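The values are calculated or read from the model by the stated rules, or taken from the named source; none is laboratory data. Since we're looking at a predicted model, the values are computed, not measured. Glycine gets a Cβ as well: all are built from the backbone with ideal geometry, and neighbour counts include every protein chain shown.
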């Protein structure tokens, strides 16, 4: 085998580090900007303060946008996970006429620009008489997020041996019992990561929310509106808080995965 | 057994049984695959297929109309080409192509390093690349705005520490392109990682044993075998970048107008649904042709199901 030599290893390591720096640089800038005292952003920052956080916490409107975002994300994650659980079985587990077409149609919303999809949904909602609202946004998010959740769970389904289900059936389990006692527990890790990624994708979505929420507003929409009406350091402060929320959700997911792995190791 | 797992097979002999078996589409509908696919299929029909069909229908309606029950016309497309509204479309295609090319060149060595050199921590690295997608893209672009703006992190640091005065780096076509490369890099990197991981190590070893040079292995083994991943990445990057909305606005300062901005104007401020729809049809055509061509070539079970 061609062993990767030392200098090459260093070179590749540096490359990865640079890409990660590139990816995280704007987020680090936001965190830093949120602690700047002055109204206008200036670097190097003359004086650090937490006054913008106090502003954000005191603002009732920001609090309501936060709740809107949270409710949408929770509903989207829950509905997407239920749909995707069955959708993933149809995607990866069962063999049926029409499966290949179904797989492809499912990928199309992911392979389509979200802003254009959001605008098409805006037209569709007015044509069928649905007033844009946070409920409409849940539907709009689902169109894009449920297929992604399906793929996340499908990867787990591919790894799962159908013989387990057959064994349960041979031992006299009904179809429902098999689903509840065999299929569901085996797929739990995929279901949990599907739920969490759906939640986070909805939490961070801007292009679909923008055209579907109507009078309601989510946090990413608020950020966009603030940028157009003039920069305020509340933007990086709110941004830092949303990133913190995402990190906490990911950490919870990581903890769940660790617990699951430990329990499995304990059983073996 | 076949009955219990729900794989209903209809043979002529079965219809002679006491309880009549469902036949034709009913039997097809009863398969577990069809039953489990139904909710998602319904969502796709009502949330993706129907809205896009409505857009296509509206594209052929007379300008400024709000109903699809009128005689079809090509007026919107004529208007687009007569009044150079196609410019935003061409700008989008050009910027998307440039974005795809840059992302491809940058991501290949990075993906290669992640899979082949740092494979042991591949999971952590993949998570680090995915995590930014859980932060709103317009928020991350605001971060770049603060970094690149005059007096921001970059120019402020150059001025304060090195005494170099720089102009604003924002509100240009290159700033838009930069934003596009930034936003869509993970969409290229992730499929590429999957593609490269699909190349069997034995194949590379065999090539080396037979005297192939590194360059030959790259050209004849690595890239062709990783092609499904590379293609998915390139396609996703191209389509998503072509339909970008926030990048030209936040970093580009509308120095270049991309098609999604034009569509938004027509659908919202101008209230000209047919023209907005006609512009969307251009986007649907590009995305559709590319997606269908790609999806016909790759085996999804092979990509998501390999273990």
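Kindly indicate which of A:211, A:255, A:206 is surrounded by fewer than 18 Cβ atoms within 10 Å (Cβ to Cβ), more than 21 Å from residue A:87 (Cβ to Cβ) and modelled with pLDDT of 90 or more.
When all the criteria are applied, what remains is A:255.
Scan segment A:194-203 and give yes if some residue there is closer than 30 Å to residue A:90 by Cα, away from every other protein chain (no Cβ under 11 Å) and free of Cβ contacts under 8 Å to residues at least 60 places away in the same chain, otherwise no.
No, segment A:194-203 has no match at all.
Going by the conditions given, is residue B:278 more than 8 Å from chain A (Cβ to nearest Cβ), closer than 28 Å to residue B:73 by Cα and in a helix (DSSP H, G or I)?
Yes; evaluated as a whole, the condition is true for this residue.
What helices (runs of 4 or more DSSP H) completely inside segment B:162-250 contain at least 2 residues that are in contact (Cβ under 8 Å) with a residue 60 or more places away in the chain?
Once the helices (runs of 4 or more DSSP H) in segment B:162-250 are filtered for at least 2 residues that are in contact (Cβ under 8 Å) with a residue 60 or more places away in the chain, what remains is B:173-197, B:223-242, B:246-250.
Can you find even one residue in segment B:152-174 that is within 12 Å of another protein chain (Cβ to nearest Cβ) and within 26 Å of the chain's Cα centre (by Cα)?
no
Tell me, yes or no, whether segment B:262-274 has at least one residue that is facing chain A (nearest Cβ under 9 Å) and within 25 Å of residue B:144 (Cβ to Cβ).
yes
Quick check on my filter: what residues within segment B:108-131 are crowded, with 23+ Cβ neighbours inside 10 Å and either within 7 Å of another protein chain (Cβ to nearest Cβ) or within 16 Å of the chain's Cα centre (by Cα) (or both)?
B:113, B:114
Return the total of residues in segment B:31-57 being touching a helix residue (DSSP H, G or I) at 6+ places or on another chain (Cβ under 7 Å) and either outside any helix (DSSP H, G or I) or closer than 21 Å to residue A:136 by Cα (or both).
12
Condition first: in contact with a helix residue (DSSP H, G or I) (Cβ under 8 Å, 6 or more places away or on another chain) and modelled with pLDDT under 90. Can you find one or more residues in segment B:82-92 that meet it?
yes
Return a yes/no flag: does segment A:44-52 have any residue that is more than 21 Å from the chain's Cα centre (by Cα), outside any helix (DSSP H, G or I) and facing chain B (nearest Cβ under 7 Å).
Yes, segment A:44-52 has at least one match.
With the condition being more than 7 Å from chain B (Cβ to nearest Cβ), out of contact with any strand residue (DSSP E or B) (no Cβ under 7 Å at 6 or more places or on another chain) and within 25 Å of residue A:213 (Cβ to Cβ), I'd like the helices (runs of 4 or more DSSP H) fully within segment A:53-169 carrying at least 1 qualifying residues.
Here the list reads A:60-88, A:114-127, A:134-158.
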